[in-house]
Each structure stands twice: as C-alpha cells, then as structure tokens.
1. Scan region 37-50 and tell me whether some residue there is surrounded by 11 or more Cβ atoms within 10 Å (Cβ to Cβ), more than 30 Å from ALA63 (Cβ to Cβ) and of a type outside the set (Val, Ile, Thr).
2. In region 1-34, which residues are hydrophobic (A, V, I, L, M, F, W, C), in contact with a Leu (Cβ under 8 Å, 6 or more places away or on another chain) and either open to solvent by 60 Å² or more (accessible area, probe 1.4 Å) or part of a loop (DSSP other than H, G, I, E, B) (or both)?
3. Would you mention how many residues in region 43-88 are of a type in the set (Phe, Trp, Tyr) and in a loop (DSSP other than H, G, I, E, B)?
4. Can you say whether VAL121 is crowded, with 18+ Cβ neighbours inside 10 Å and either modelled with pLDDT of 85 or more or in contact with a His (Cβ under 8 Å, 6 or more places away or on another chain) (or both), as far as the supplied structure shows?
5. Say whether the condition of being in a helix (DSSP H, G or I), more than 27 Å from the chain's Cα centre (by Cα), of a type in the set (Phe, Trp, Tyr) and at pLDDT 80 or above is met by at least one residue in region 138-156.
6. Among the residues of region 93-104, is any among the acidic types (Asp, Glu) and in contact (Cβ under 8 Å) with a residue 12 or more places away in the chain?
Amino acid sequence: MSHGQYLRDLLRPLGVYNLEAPFNGGELDAQGQALDQVMAWIEEVQREGSLSTAESWGLEQVAALFVRRPVASAPRKLAAALAALLRIGGDSFTLAAINDTITGCGVPAVVKELGKGEVSVSFPGVAGEPEGFQELKKIIEDILPAHLGIEYDFWFLTWAELEANFPSWQSIQDRDFSWTQLETCVEYL
C-alpha cells in the first residue's frame, strides 16, 4: 500500500476531510509519494548497511576499508569474505583462525605450521601455480602475522607419477602436451 493511500485511510474515520477533493487528495498524494521515496531510500540503506543483506554499494564501501579487495566477486561470496576479514582480532592468530580467514576471503589455500616460526601454504585441488597467484600471495601475506616465514607449496606431477601413467615419451607426445600442461596434468590422471 502506498503512503498516499495510508494517509487517506488514516484520515477517513475523522470524517472532517473531503479526501476526493483535488486540494485534499492532491496534497495527500504528494505527501504520500514523498514518503514512498523516503521509505525506499531507508530500506536500501538498511539493506546495504549490513554485510548479511548488502548487495551492491554497501559491500563496495566495506571493501574500500581494506588495503586489498577480497578475491570473491559475487555479492554473497564478497560479503562472506569481508566478514572473514572483519573477524580478525587480537586472538585471530591461531592456525584455525588464520585458515578460516583465508578460506573466508575466497583464497583456496591451507596454512600448516612447519615449526620454528615457519608456515607452509598449499593450494589443495589446484595443480601448479593457481591463477592470479601474485594477488593471492599479497592477500595471504596481509593475513598471516609478519614474523612468520612463508613457504608456498605447489602440486606438480612427480617423476614417479609420470612413469606410472605414461609408458613412454611417445605417449606424452601423442597427447600433444606443452611442458606446463604436462607438469600440471596431475588432476587428469
């Protein structure tokens, strides 16, 4: 129901106003239209003011607060990534919290402790260097505590897997692999 109709319904029981007259009805329509516009604006601000409901400019405003934009691009995934970044606090440097934050930011990586102030970052299910690795690396290094040494582990075809899956060099040439395709064909075997 529009606010113009709401105002009419509110005043009708009083019986004092001729609500169909052009001067009364027109004024109620104009005020109702202004209230409709304000209500639409308030609903948009309310929606965009919360990460759980934001769809456009609210997400962009929150993303602008960070040095790096999260990897996610779809609105719900971006909201989840921003929420993960906002959860970082003074007690967020446990391994579980770091992995939760990295995964929440849309980075397909897992951090493991190596001991003596070093961690290993791997990309499960991704053969070779992940697409956009340089940007992913910056995001990961922004999340990890600065005092940690970081070792990046990538998944490539080993010689044992090569020998087990290809009986000869000719079988590799028959598939017409480039070197990059060959060393990352682990997921196709």
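The values are calculated or read from the model by the stated rules, or taken from the named source; none is laboratory data. For clarity, every value in this text was computed on a predicted model and none was experimentally measured. Glycine gets a Cβ as well: all are built from the backbone with ideal geometry, and neighbour counts include every protein chain shown. The area values use the complete protein model at the heavy-atom level, side chains included, leaving out ligands, DNA and RNA. Shrake-Rupley method; radii C 1.70, N 1.55, O 1.52, S 1.80 Å.
1. no
2. The initial filter retains those residues of region 1-34 that are hydrophobic (A, V, I, L, M, F, W, C), namely 1, 7, 10-11, 14, 16, 19, 21, 23, 28, 30, 34.
Checking which are in contact with a Leu (Cβ under 8 Å, 6 or more places away or on another chain) leaves us with 7, 11, 19, 28.
The answer is LEU19, and nothing else.
3. Going through region 43-88, the residues of a type in the set (Phe, Trp, Tyr) turn out to be 57, 66.
Of the ones still in play, those that are also in a loop (DSSP other than H, G, I, E, B) are 66.
So the answer is 1.
4. Numbers: crowded, with 18+ Cβ neighbours inside 10 Å: yes; either modelled with pLDDT of 85 or more or in contact with a His (Cβ under 8 Å, 6 or more places away or on another chain) (or both): yes.
Against the criterion (crowded, with 18+ Cβ neighbours inside 10 Å and either modelled with pLDDT of 85 or more or in contact with a His (Cβ under 8 Å, 6 or more places away or on another chain) (or both)), VAL121 qualifies.
5. Going residue by residue through region 138-156, those that are in a helix (DSSP H, G or I) are 138-143.
Retained after the next criterion (residues that are more than 27 Å from the chain's Cα centre (by Cα)): none.
No, that holds for no residue.
6. Kept after step one, since they are among the acidic types (Asp, Glu), are these residues of region 93-104: 100.
Now narrow it down to the ones that are in contact (Cβ under 8 Å) with a residue 12 or more places away in the chain: 100.
Yes, region 93-104 contains a residue that is among the acidic types (Asp, Glu) and in contact (Cβ under 8 Å) with a residue 12 or more places away in the chain.
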